[in-house]
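Worksheet: one structure, shown below.
The values are calculated or read from the model by the stated rules, or taken from the named source; none is laboratory data. Computed from a prediction, not measured in an experiment: that's the story for all the values here. Reconstructed Cβ throughout: ideal geometry from the backbone, glycine too, with neighbour counts over all protein chains shown. For the accessible areas, the whole protein counts, side chains as well, though only heavy atoms, and no ligand, DNA or RNA atoms are used. Shrake-Rupley method; radii C 1.70, N 1.55, O 1.52, S 1.80 Å.
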Amino acid sequence: MTYSSFQNRPDYAPPMLSNGDISFAPDAEGTLDYIYADYFKKGIDAYDGIVVRAARRTALCNSLQARLFPFGKFIFREGSQLAEWSQTLMTEKGYVESDCLYESGTKIHSQSFIHPNANIYALQKTFLRTKGTQVFCYDIDLRGYSEQISRYMHVRYTRQQGNVGVIGFSMFGMDVFTGEIHVFVDKECVITATETGIQLRFEATEGEAVTFYYCVEDDWDGVDFSSVLAQYQSRIRQSGFDKMLEECAAHFGAYYGLGYVETSDEDLNRIYKTSLYSIKSNTTRYSIAVGFNNGSWDGRYFAFDEYTSFLGLLGANRLDLAKRVPLFRLKRCLPTAIRRASDCHRNADTEDMARFHWETGEVDRAELSPDGNWLDHVFHIPLVGIGAYNYYEYSLDTDFLRECYPMIRACAKFMTKHMVYTDAGRYYIGKCTDLERLGSSVENPFMTACGAICLLQCCAKAAEILETDEAYARECLHIAEKLLENLPQTEQMYVPHLGCRQKSIAVFAGKFPFPVLPDHDEKMLAAWEDFEINGAAYGNMYPWGGGISPWYACWKALGYARTKNPQKTYASLKQAYRSAGVFNELFEINEEKVRCRPWFATAAGIFVSAVNDMLLQVEDKHIFIMPTCPHSVNARFKLAAKGGITVEADVQNGALLHVTVLKNGIDVTDEYTITL
């Protein structure tokens, strides 16, 4: 996927690099010579040209709202301006290449990557054409990103240490931590310490390759950062650029080797591969951020949004990565969620109830969201419990389900105790905020009610599998049945809530993310048709934009896929194509008048989920191959499914040429009925 400056597309944004601990988006020179305002002026709400680290956040004060601290920027200086350039993202190898031609005539080829297992950024520049021996430099600066944030950053020292420039820092935010940034090149250079950074000046001639290294570590998690940085130095000396690049490519190759989708629709193939890259890049060692940068809600975690990527990873056979989501909610968020919703003075009758924050940090100590009606959302809480159960469905890991059951139950208890009301035998959800465009204080909203129903059903199923909690399982099923009877509806269709004057994607929630309605429910299908005809003005989360956003398009596609409607599934999926950026990354919105948040994990996750469901569905011992994919599309794939299986199939010209079903590495194809 190569983009050239000649194309001059208005939706260009730099490609994302990440190892789950540090992240940034390098420009055409492999550096960070831009600021947020540069792209905002072009109409793109995107990245801000800094290195960020997961969990290193400012305090909740002075409107900082737990932003990710900047760990500097680095700029390359050739001495003249760029005349033309091209940039290539190697998604399946995890690195970026570029070719730059400068006004001086200098021509440079670059390769760069973040090491997957170390906080090392390596940028190698090969000087293809120079005017004899030229002087080049890198300027590295820790501060200058935000005057407000800089008040809470202290540059302790900048100095030369052998052939390395060192920036020592302390940062004062939600936590206080100290560390160092090390920068150097792999040849003789002049190192100059500035007040807040380092300059590296070196000479290079035609044909020479020079590598710049950036390394960072701190003591946030009790780490001996000096020891770790020494290990990084040793690794660089022993391996060098080429070996570490091979390690990066092997790491990403292993990730892509876990499963694949190859169809006759090249747009689908490209967006699917880039979406897998986007999900991986936005996945930290904690969970999946909507965007691992300050341009996307400061890299915070939303239980609703992380579910879309989680489900995509499950179906794409990346179960180990997907497991981070329920583990994060269980280990790092559940205690706070229980304290928020349960009795503060515990006694023998106290039952755990969990209300998870809307926006969460890596250490869940407080709500990180600014004020707004979204603080009254509760539809994300069911997805915490449902996700834990979904992981069991794909992995059949009973031990992990047993570990997660208290969390599933606490989510269910919150809904039944805090949110379910009764009136003359009628069960309904109390007032809350459903999708934000529907307004505040909405009683019995359709999507939230479907979420409660699905959660209660999953809780009952989990209890049955674990042979526990029989009485509460019966209560869950009873309440779920009553809520299902009272979903908001007119004589013709389900509605977002009674008296609603808007149209809303929420009417698709009875199939995704909460599959509680039968495939041929007439009122559900009528509501979908009504949205298709009259919902154009409500095609994204916000009251601006003129079309349907990519993740809303894929939300529709998942609904149609789960009702086995191939034409509408594929048509909805293709609506997302037009929102793909120059590297086939999905934005939150990418329209002529509104462009925001490239590398949006929510859209990437729901796209992958929709494709997975279009190509493969399993119901008990019945496997449906390409159940909602038009016959005109050929496809080869390897995907995972419920029941702990992987399915590899090849369909060409409407004929099933090959299918293999594996469970724990054993061929169990004969145990299934297979339908094309």
Original post:
Rounded, prolate or oblate: which fits segment 268-329 when a ≥ b ≥ c are the square roots of the eigenvalues of the alpha-carbon gyration tensor, with rounded for a/c under 1.5 and prolate only if a/b beats b/c?
Top reply: oblate
Original post:
Local charge sum around Leu573 (other residues, Cβ-Cβ under 11 Å, Lys/Arg +1, Asp/Glu -1)?
Top reply: 0
Original post:
Any idea what the relative contact order of segment 509-632 is, in percent, if you count C-alpha pairs under 8 Å spaced at least 6 apart?
Top reply: 22 percent
Original post:
Between Lys621 and Ser104, 0.36 nm times their residue separation minus their Cα-Cα distance comes to what?
Top reply: 179.5 nm
Subject >> Label point distance in nm, Phe40-Glu464, each placed 7 Å from Cα along Cα→Cβ >> reply: 5.3 nm
**OP:** With +1 on each Lys and Arg Cβ and -1 on each Asp and Glu Cβ, and nothing else charged, work out how big the dipole of segment 154-296 is about its Cα centre, in Debye to the nearest 20.
**Re:** 200 debye
Subject >> Surface per residue (accessible, 1.4 Å probe) for segment 102-230, Å² >> reply: 40 Å²
Original post:
With the dipole of the chain worked out from charges on the C-beta (+1 for Lys and Arg, -1 for Asp and Glu) around the Cα centre, which of Ile44, Ala641, Ala410 lies farthest toward the positive end?
Top reply: Ile44
Original post:
Within the accessible area of segment 104-249, what % is carbon and sulfur when the probe is 1.4 Å and the other protein chains stay in place?
Top reply: 43 percent
Subject >> Rounded to the nearest 20 debye, dipole of the chain from Cβ charges on Lys, Arg, Asp, Glu >> reply: 600 debye
Subject >> Segment Ala366-Tyr157, length gained on full extension (0.36 nm per residue, minus Cα span) >> reply: 72.0 nm
Original post:
What number comes out for the charge environment of Tyr560, summing +1 per Lys or Arg and -1 per Asp or Glu over other residues with Cβ under 13 Å away?
Top reply: +2
Subject >> Selection from Phe113, Tyr157, Tyr138, by position along the positive dipole direction of segment 111-160 (Cβ) >> reply: Tyr138
Original post:
With each run of n ≥ 4 DSSP H residues scored as -39500 (n - 2.57), what mean residue ellipticity at 222 nm is computed for the chain after dividing by its residue count and rounding to the nearest 500 deg cm²/dmol?
Top reply: -10000 deg cm²/dmol
Original post:
Among Val325, Pro370, Thr360, whose Cα sits farthest toward the positive end of the charge dipole of segment 280-372 (+1 at Cβ of Lys/Arg, -1 at Cβ of Asp/Glu, about the Cα centre)?
Top reply: Val325
Subject >> Value of relative contact order over the chain, rounded to a whole percent, pairs C-alpha under 8 Å and six or more apart >> reply: 12 percent
Original post:
Residues of segment 189-221 with amide nitrogen under 15 Å from the 7 Å Cα-to-Cβ point of Ser170?
Top reply: 219-220
Original post:
Which net charge results when you count Lys and Arg as +1 and Asp and Glu as -1 among the other residues whose beta-carbon is under 10 Å from that of Arg57?
Top reply: +1
**OP:** Keeping all protein chains in place, calculate the accessible area per residue for segment 250-378 (probe 1.4 angstrom), answer in Å².
**Re:** 33 Å²
